[in-house]
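Below is one structure, written out as structure tokens, with a few remarks after it.
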Amino acid sequence: MTMELFRLNGADELEKILKELPRSVAGKVVLGATRSGAAVLRKVMRNKAPYDPKRKRGKHLRDTIRAQKKHRTNDLYLVGPTHEAPHAHLVTHGTGPRKFKKPHRVKLGGKTVRVTHSGRMPANPYIQDAAEESRKSVFDKIGQRLGDLIEKAAIKLAGRYKTSGAAPSRRFRR
């Protein structure tokens, strides 16, 4: 797996703007933006995940893909299959040939045959494909949402100070 670097334009300005907002508001802004970026990735990942419409039992792999907020962090979402799909890593990475300790005798088409292995499953790296395909759209969505949420928070804060006629209190300063 290769690691790609990217350049984020305007990061210094964004950090300055977020520092001007109260911490609670800045946290909500970042959380909302990362949530919308995770939703974009989740949608692409669900479309890339293997799906068998004939399957009747259990959940499909694509139905277990979620965007979950990581506890005790303000801005981290994990996107991928949940515990409802314990086989997800086998689908993603594939399996090697599985040999039996003792050969089994099985009837196939009226004939008895000896089976020594159960085969292998090729890798289907749908998670990595989805991440690579949606990277630009995820960052675009996060940037767009950050702008919208910062503007909305600033208007809301300005309205509070305007109606009260008071200067910002010390508790909103960093």
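Some notes on this structure:
- Matching entry among Leu78, Leu149 (being under 16 Å from Ala33 (Cα atoms), touching a strand residue (DSSP E or B) at 6+ places or on another chain (Cβ under 6 Å) and either in contact (Cβ under 8 Å) with a residue 60 or more places away in the chain or not in a loop (DSSP other than H, G, I, E, B) (or both)): Leu78
- All positions within the stretch 43-73 that are more than 18 Å from Leu90 (Cβ to Cβ) and of a type in the set (D, E, K, R): Lys43, Arg46, Lys54, Lys56, Arg66, Lys69, Lys70, Arg72
- Residue count for the stretch 39-62 under the criterion of being loosely packed, with under 15 Cβ neighbours inside 10 Å and part of a loop (DSSP other than H, G, I, E, B): the result is 10.
Yes/no matrix, rows are residues, columns are (1) within 17 Å of Asp129 (Cβ to Cβ); (2) exposed (fewer than 12 other Cβ atoms within 10 Å of the Cβ); (3) in contact (Cβ under 8 Å) with a residue 24 or more places away in the chain; (4) of a type in the set (A, V, I, L, M, F, W, C):
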position	(1), (2), (3), (4)
Gly37	no, no, yes, no
Thr64	no, no, yes, no
Gln68	no, no, no, no
Pro86	no, yes, no, no
Gly94	yes, no, yes, no
Lys102	no, yes, no, no
Gly110	no, yes, no, no
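- When Asp75 is tested against (1) closer than 30 Å to Arg23 by Cα; (2) of a type in the set (Asp, Glu); (3) over 18 Å from the mean Cα position of the chain (by Cα), exactly one condition is not met: (3).
- Note on the stretch 96-126: residues that are in contact with a Lys or Arg (Cβ under 8 Å, 6 or more places away or on another chain) and not in a strand (DSSP E or B) total 7.
- Gly80 vs. criteria surrounded by 12 or more Cβ atoms within 10 Å (Cβ to Cβ) and closer than 30 Å to Arg145 by Cα: yes
- Inclusion of Val25 among residues that are part of a helix (DSSP H, G or I) and under 21 Å from the mean Cα position of the chain (by Cα) is not warranted.
- Here Asp63 clears all of (1) at pLDDT 90 or above; (2) acidic (Asp, Glu); (3) more than 15 Å from the chain's Cα centre (by Cα) except the condition numbered (3).
- Glu4 being closer than 30 Å to Ala153 by Cα, at pLDDT below 85 and of a type outside the set (A, V, I, L, M, F, W, C): no
The values are calculated or read from the model by the stated rules, or taken from the named source; none is laboratory data. Just so we're clear, the structure is a prediction, and the values are computed from it rather than from any experiment. Positions of Cβ are generated from backbone atoms using ideal geometry, with glycine treated the same way; all protein chains shown enter the neighbour counts.
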